[in-house]
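The next block holds one structure in the form of structure tokens; read it before the comments.
The values are calculated or read from the model by the stated rules, or taken from the named source; none is laboratory data. Quick caveat: nothing in here was measured; it's all calculated off a predicted structure. Using ideal geometry, Cβ is built from the backbone for each residue, glycine included, and neighbour counts are taken over all protein chains shown.
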Amino acid sequence: MPDANERLIKEAAEKIILYHSTWFDFRELQAYLRVSYEWLSARVRDHDIPFYRLPKLKKGGIRFNRAQIDRWFAKTEVETRQHFVNHLRSEGLLS
């Protein structure tokens, strides 16, 4: 059984690899975005998030391009913020 230092080194190495990856699998994207399995599954099911399905792989054949995910996330954040501002304006709480 690995000792605590070995475990910490392994976890640190996995994080370094994760944050320098160009492509993510499902589990890696969950960790990168810090979201639940259910949340990410819903985004994929509804095609709300950019992804690629690899036809040769039956299970786990979905991959996500990091650059596309970063752009999608930034765009989603701006749209959400603008929606909130528009809501406040429609309620007369913001001019």
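General remarks:
- In region 45-67 there is no residue matching the filter, namely being modelled with pLDDT under 90, surrounded by 10 or more Cβ atoms within 10 Å (Cβ to Cβ) and in a helix (DSSP H, G or I).
- Scanning region 1-27 for residues being part of a helix (DSSP H, G or I) and at pLDDT 90 or above gives a total of 2.
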